[in-house]
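The values are calculated or read from the model by the stated rules, or taken from the named source; none is laboratory data. It should be emphasised that the depicted structure is a prediction, and the values quoted were computed from it without experimental measurement. Methodologically, a virtual Cβ is constructed for each residue, glycine included, from the backbone with ideal geometry; neighbour enumeration extends over all protein chains shown. Areas reflect the complete protein model, heavy atoms only, side chains present, ligands, DNA and RNA absent. Shrake-Rupley method; radii C 1.70, N 1.55, O 1.52, S 1.80 Å.
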Amino acid sequence: MAALAPLRSLEEEVTCSICLDYLRDPVTIDCGHVFCRSCTTDIRPASGGRPVCPLCKKPFKKENIRPVWQLASLVENIERLKVDKGRQPGDAAREQQDTRLCERHQEKLHYYCEDDGKLLCVMCRESREHRPHSAVLVEKAAQPHRKKLQDQRQCIVAEFEQGHQFLREREQRLLDQLAKLEQELTEGREKYKTRGVGELARLALVISELEGKAQQPAAELMQDTRDFLNRYPRKKFWIGKPIARVVKKRTGEFSDRLLSLQRSLREFQGKLLRDLEYKTVSVTLDPQSASGYLQLSEDWKCVTYSGLYQSAYLHPQQFDCEPGVLGSKGFTWGKVYWEVEVEREGWSEDEEEGDEEEEGEEEEEEEEAGYGDGYDDWETDEDEESLGDEEEEEEEEEEEEVLESCMVGVARDSVKRKGDLSLRPEDGVWALRLSSAGIWANTSPEAELFPALRPRRVGIALDYEGGTVTFTNAESQELIYTFTATFTRRLLPFLWLKWPGTRLLLRP
């Protein structure tokens, strides 16, 4: 009890006479009395035009109000003493860890300097550096930002609700169309069934009558031959189609819409995930790391391959034997995304579609001509020998095509750059290899990949903390391959090009 008396006395000394609470941001007026800064703003001027002290009734000028930072520190210490009495073991260490203190004065940061954008303690605020600046309490400075965050939260909720509502409406519309198609199919099936049953009954009646006629004597049968022909004219059996052509066409159109919906949703999901979780960055190439076999554009965003080594001086960080180049900007944290466009001569969509159409026409012609019936495909020994030679030639051509390729991905900043390199993940390189023959993950051994479409623009998504490098088709958002690793060094964009007539361009 004796120990509490001095504490109570100190509390009385640091209590504001206006709000009867601890002095918050204490200031002194002309008469020497001390109040909270916010309390002095509530003092109204007297009849003479100047405010007066609530205690001694002496007038004072508001421009003469001065802060008393010593009392502010004393209030903090008293509050800390009161909290310490009810604190559990270990709480002090946690509180000290959570509370940020001024590095210079080791005082609590109460203010925010709007001019410098820094947090200040009471002593920093009264220093020569920050005294002429506009400084406000941290809580007051944070209010506009909290309000902005709340507004952004409301906007996000509203945007997603609109998106959900749009998708719900589209879903209901497609379900209604599907239900209508199902109803039309059911009606068509019942109509087909009813008419078929009626036709069978008619034929059964005709058969019965014909069987009766067949039992009649010849003289009686021949008396009404004309009437017989009139009653039983030659008539084909009705064979209807269970599904009307119009309904079949609409069903096909609905299937096309469903495929388009699936493709659009995949693209939308991929784009939304990329835009919301990954930061799209603009990267450039480091000319000092570029091999002499490579030529860079002036903006360092495009690289082409030259069969002649054109570098007169070999930089220490330059690739010498391998036609590789690194990005100028590295990453040690976060989620970043960029794209590499592969421009290859002869890779036009029209040519590909034309080739597919020609192949389809050739297959149709072969089927119509009766090829593949088991006789014309027999081969002699000479044919087998010539076929074996052709297969060997094709294998050699494929090997040559594989040699002409490019790689896109990321590499450690410490990757080896001298001599022949394997450029595998164990060497600090995580990359895809693309060529006319196919696509491979540059692992050990290589893993051949089979995407639905050949990517003309490869998206590279690096999650440093998550330890993943994901490659996608940037146009269709199709996932191509994901490397998993633990990254401990700075990672750089990596390009490797040994493919004449091909350019690699960094996007954006």
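Details
- Reachable lysines from Lys193, criterion Cα separation under 29 angstrom, eight or more residues apart if same chain: Lys180, Lys235, Lys236, Lys241, Lys248, Lys249
- Span from the segment 301-343 Cα centroid across to the segment 426-478 one, whole angstrom: 17 Å
- Largest to smallest accessible area among Cys56, Cys406 [probe 1.4 Å]: Cys56, Cys406
- Backbone amide hydrogens, once placed in the peptide plane, bring Ile480 within less than 5 Å of Phe471, Thr472, Asn473, excluding anything fewer than 5 places away on its chain.
- Area accessible to solvent at Val52, 1.4 Å probe radius, in Å²: 40 Å²
- Using C-alpha pairs below 8 Å separated by at least 6 residues, the relative contact order for segment 446-508 is 22 percent.
- Stretchable slack from Gln152 to Thr15, in nm (0.36 nm times residue separation minus alpha-carbon distance): 45.3 nm
- Theoretical gain in end-to-end length, Leu81 to Leu181 [0.36 nm per residue, Cα-Cα removed]: 28.2 nm
- Dipole magnitude of segment 406-467 about its Cα centre (Cβ charges: Lys, Arg +1; Asp, Glu -1), debye to nearest 20: 320 debye
- Residues of segment 149-170 with amide N under 19 Å of the 7 Å Cα→Cβ point at Leu261: 162-170
- FRET E, pair Tyr192, Ala452, Förster distance 35 Å, beta-carbon r, rounded to 0.05: 0.35
- For the listed residue pairs Lys335/Lys416; Lys62/Lys148; Lys108/Lys335; Lys58/Lys108; Lys191/Lys213, the alpha carbons are over 27 angstrom apart in Lys62/Lys148; Lys108/Lys335; Lys58/Lys108; Lys191/Lys213.
- Extension gain for the segment Ser127 to Gln216, taken as residue separation times 0.36 nm less the Cα-Cα distance, is 18.9 nm to one decimal.
- Solvent-accessible surface (1.4 angstrom probe) belonging to Ser414, in square angstrom, nearest 10: 60 Å²
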